[in-house]
Every structure is written in C-alpha cells, then in structure tokens.
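See structure below.
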Amino acid sequence: MLPEIVNRRSIRAYQPRPISRADIETVLQAGALAPSSKNRQPWRFTVALGAKKEEALAAMAQGLEEEARRPLLPESAGYRSGAIQTLSVMEQAPAVIFVTNPLGRDPRQALNTDERVSELCNAQSLGACMENMALQATALGLGSLWICDTYFAYDALWEWTGEQGSLAAAMALGYAAEDPPPRPRKPLEQLAEWRE
C-alpha cells in the first residue's frame, strides 16, 4: 500500500511557514489528474493566499453569521460550531484552495433525472480530485484538511470565488504543527463481503 495512503491525516494545526508555489501547483496537478465521469473534469481551483485568503475567510465568517440568522441548512444547525472551528483552522493554514464545479448546479434547485445523475457522477469525480490532492500533499510533506463545512457559508464563499457552477469543497494546506495518530478504522471483515 502506498505510504501516502497510510500516513495521510486530517491536519487542524499549521505552522506559519509559507508553501512554495511549485508545491501548490503539484497538489493542484494531482487533483486535475483524478479520474472523472465521461472525462468531464468538473473542477476549477481558486488558491487563496495572503490578503486574498483573508478576504475569503471574511466571506466565510460573514456566511456563518448569516447561517445563524437564516439557516440554509436548518437541520444541520448542530454542526455549525464545527464550521466555526474549521474557520480557525483555515486561518492558520498558509493556503486555502477552493474547489468549484463549473458544471454544477445550485444545490437548492430541483433537478431532473439527467441533472441528478450528472451531479452524482460529478460529486464522485470531485471526491477523487480532493483525495488526489490530499495524497499529493502528504507525499510533499505537507498537511491538508478536506473541508466540506463551506456549505454553512455557501452563498458568501460562492460569491467570493466568482466562479460559475457550484462550490464543491475547500482544502487547507500547509506544514503540519501537529502529528495526530491514525483514527480508528473498521476492520475489512466488517466492510467486505466475498461472493464466489
């Protein structure tokens, strides 16, 4: 098994050490090489550094405040505190990469069957993209955190990116300031059924 798969961790504390542009580009290239349904390649990357990262984080903070007042995800209000914690992680990381789906649709709109199938296929493709990025970050000695909490600030972040389609996720990227142990995993015996 590849050491990157074994050693990858979700990092929530970062050193204030900058990352080289070459390393960020290598992570992005790994994402762009992911398999995708019908080779649609449903991803675009917005890399936020320095003052532009501060703008993005301000947009997320604004979105979290709006979510508290008028929830887009009312049934998920209990998880909003996790999104606030994620914002503090993003503040520490030298780089935050926003991944958008230029083929995506607003998640609040009803979809017909064809659109729903496309969205499901694109979501799987985007998951492969994010995983490739996380594994490449590990190979480069960087820490990363795959962030889905962007949905709590969807409108504000979407507007900040200025992209077409939909906001898929974000990734914090930097040198780890922690070395968390592996999280428990279910044994293969519980996960796999063999049929011969």
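Does region 21-32 contain at least one residue that is surrounded by fewer than 18 Cβ atoms within 10 Å (Cβ to Cβ), small (Gly, Ala, Ser) and free of Cβ contacts under 8 Å to residues at least 60 places away in the same chain?
Checked against the condition, which is being surrounded by fewer than 18 Cβ atoms within 10 Å (Cβ to Cβ), small (Gly, Ala, Ser) and free of Cβ contacts under 8 Å to residues at least 60 places away in the same chain, region 21-32 yields at least one hit.
Quick one: how many residues across region 149-188 are more than 22 Å from Pro3 (Cα to Cα) and loosely packed, with under 13 Cβ neighbours inside 10 Å? Spell out the reasoning first.
Going residue by residue through region 149-188, those that are more than 22 Å from Pro3 (Cα to Cα) are 149-170.
If we keep only those that are loosely packed, with under 13 Cβ neighbours inside 10 Å too, we end up with 162, 164.
Selection size over region 149-188: 2.
Does region 7-29 contain at least one residue that is touching a helix residue (DSSP H, G or I) at 6+ places or on another chain (Cβ under 8 Å), among the hydroxyl-bearing types (Ser, Thr, Tyr) and over 17 Å from Ala156 (Cβ atoms)?
The answer is yes; a qualifying residue exists.
So which pairs qualify, if the first residue must be in region 50-79 and free of Cβ contacts under 8 Å to residues at least 12 places away in the same chain, the second must be part of a helix (DSSP H, G or I) and not basic (Lys, Arg), the Cβ gap must be under 7 Å, and the two must be at least 6 apart or on different chains?
Matching pairs, first to second residue: Pro71/Ala77.
Return yes when Ser118 is touching a Leu at 6+ places or on another chain (Cβ under 8 Å) and either of a type in the set (Ser, Thr, Tyr) or in contact (Cβ under 8 Å) with a residue 40 or more places away in the chain (or both) and no when it is not. Let's see the steps before the verdict.
Working: touching a Leu at 6+ places or on another chain (Cβ under 8 Å): yes; either of a type in the set (Ser, Thr, Tyr) or in contact (Cβ under 8 Å) with a residue 40 or more places away in the chain (or both): yes.
Spelling it out, Ser118 is indeed touching a Leu at 6+ places or on another chain (Cβ under 8 Å) and either of a type in the set (Ser, Thr, Tyr) or in contact (Cβ under 8 Å) with a residue 40 or more places away in the chain (or both).
Which ones in region 12-66 are among the charged types (D, E, K, R) and either in a helix (DSSP H, G or I) or within 15 Å of Ala168 (Cβ to Cβ) (or both)?
Arg21, Asp23, Glu25, Lys38, Arg40, Arg44, Lys52, Lys53, Glu54, Glu55, Glu65, Glu66
Within region 88-115, which residues are without any contact (Cβ under 8 Å) to a residue 60 or more places away in the chain and either of a type in the set (Val, Ile, Thr) or part of a helix (DSSP H, G or I) (or both)?
Ser88, Glu91, Thr113, Asp114, Glu115
Inside region 33-66, can you point out the residues that are among the polar types (S, T, N, Q), farther than 16 Å from Ala153 by Cβ and surrounded by 17 or more Cβ atoms within 10 Å (Cβ to Cβ)? Show your work before the answer.
Step one: list which residues in region 33-66 are among the polar types (S, T, N, Q), which gives 36-37, 39, 41, 46, 62.
Add one more test, that the residue is farther than 16 Å from Ala153 by Cβ, and what stays is 36-37, 39, 41.
Passing the criteria: Ser36, Gln41.
With respect to Leu87, is the statement that it is at pLDDT 90 or above, farther than 22 Å from Gly165 by Cβ and crowded, with 16+ Cβ neighbours inside 10 Å true? Reasoning before the result, please.
Details: at pLDDT 90 or above: yes; farther than 22 Å from Gly165 by Cβ: yes; crowded, with 16+ Cβ neighbours inside 10 Å: yes.
When the stated conditions are applied, Leu87 passes them.
The values are calculated or read from the model by the stated rules, or taken from the named source; none is laboratory data. Quick caveat, the model's predicted, so the values are computed rather than measured. FYI the Cβ positions are ideal-geometry reconstructions off the backbone, even for glycines, and counts take in every protein chain you see.
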